[in-house]
Amino acid sequence: MDSLNRMAVELVDEALDFADELNVAGYELDSGATVIDFGVEADGGLEAGLLLAEIQTAGLATLQTRMGRVDGSPTPYVELTTDHPGIALLGCQKAGWELDVGEFAGLGSGPARALVGEEREYQALGYYDEFDLTVLCVESAVLPDDAVVEHVAEKANVNEGAVYLPTTALGSTAGSVTAAARAAELAVFRLFELGYDPQDVQSAAGSAPVAPVSYDETEAMGRTNDALAYGGEAHLTVATDDPDVFEQLPSSAADEYGRPFSAVFADADYDFYEVDESVFAPAAVTVDVLDGPTYALGGTHEDLLAESFGYQ
């Protein structure tokens with residue numbers, strides 16, 4: 001497979017070429033690195049969010065929006081499909097890089113993680129990237145600076161001027177869109193955490209509603225996680241049957257099921273990493289075992305979701 005970072009850089013170039021149409025903004029820092037604002041100070045939008053989600057998966061997933069309903073109310077949904085679920089979702093889209101640089105805090109997703117290769121997903125996937133440019137998609141309420149660039153360049157072993165940082169706040173339209181694009185990723189990640197071989201996942205599709213934007217990042221975290229846990233749906237095609245693992249996939253398998261994420265997060269003293277990992281799962285999952293059974297698991301909880309979204 002070609003370099004994930006090379007494929008992502010091509011998509012970043014597209015974002016820069018059509019920045020005005022997408023309502024995003026590109027900045028070159030003193031280090032020579034490039035920051036692309038998808039939703040911190042820039043307005044962004046649905047199309048910007050779709051392109052950012054495509055960058056997060058290095059172009060290995062197809063994304064689109066559609067109109068659906070939440071508890072009877074028309075709501076936009078994001079759909080994602082991929083035939084490379086291990087690399088595209090675990091090896092790229094997963095927000096697995098915690099950025100804690102000076103006063104800057106954020107989460108990093110995208111192919112820069114594959115240049116570092118420290119997360120155990122890469123050993124399971126047998127994939128490590130090599131390229132002289134890199135893309136790390138940053139989720140933060142503030143734009144990254146040269147201190148963040150220095151950190152990323154050092155970890156990824158590239159020049160600082162070769163770093164591209166597409167950035168959005170979770171409390172933005174692009175942030176809500178990219179969060180909704182994670183239903184399939186959460187399903188594959190749950191499988192991996194439960195000990196299932198990610199290379200046995202042949203294809204993945206996911207769908208989730210786009211949560212209404214809140215500029216309060218804590219409220220935005222609650223809404224976007226509820227969008228997945230109570231409105232997210234995933235379909236996986238897999239090579240190996242494991243019913244005991246599959247039954248633990250949907251969010252309904254979690255002890256906290258039925259509570260809005262804002263309450264769960266408060267109980268964890270607002271520490272994302274203190275929340276039980278089983279909470280981060282789609283509401284409904286279908287697992288199609290090749291030449292075997294098909295499991296239909298979980299279900300959506302739209303009245304709770306409408307309450308989380310503040311529908312009136």
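Observations on the structure shown:
- Extension gain for D216 to M1 (0.36 nm times residue separation, less C-alpha to C-alpha distance): 73.4 nm.
- Each of D17, D71, D271 has some number of other Cβ atoms within 10 Å of its Cβ, and from fewest to most they run D271, D17, D71.
- Among D13, D43, the order by Cβ neighbours within 10 angstrom, fewest to most, reads D13, D43.
- Taking a ≥ b ≥ c as the square roots of the eigenvalues of the alpha-carbon gyration tensor, the range 103-195 is classed oblate because a/c is 1.5 or more while a/b is no larger than b/c.
- Looking at the range 50-172 alone, DSSP beta bridges between its own residues are antiparallel in about 80 percent of cases.
- Each of G310, P74, N157 was scored by the projection of its Cα onto the charge dipole of the chain, and the greatest displacement toward the positive side belongs to P74; charges sit on the C-beta of Lys, Arg, Asp and Glu.
- Relative contact order (percent, whole number), the range 4-309, Cα cutoff 8 Å, 6+ residue spacing: 18 percent
- Taking the range 162-205 and a reference point 7 angstrom along Cα→Cβ of A253, the backbone N atoms nearer than 11 Å belong to 187-196.
- Extension gain, T81 back to N157 (0.36 nm per residue minus Cα-Cα distance, nm): 24.3 nm
- Summarising the strand pairing of the range 4-309, around 70 percent of its internal DSSP beta bridges are antiparallel.
- If you take the Cα centroid of the range 160-179 and the Cα centroid of the range 1-52, the two points sit 8 Å apart.
- The shape of the range 42-176 comes out oblate: with a ≥ b ≥ c from the C-alpha gyration tensor, a/c is at least 1.5 while a/b does not beat b/c.
- Computed magnitude of the charge dipole of the range 193-312 (debye, nearest 20; Cβ of K, R +1, Cβ of D, E -1): 460 debye
The numbers here are math on the coordinates, done by the rules we state, and not lab data. Only a predicted model underlies this, so the values are computations on that prediction, with no experimental measurement involved. No Cβ is skipped: glycine too gets one built from the backbone with ideal geometry, and neighbour counts run over all protein chains shown.
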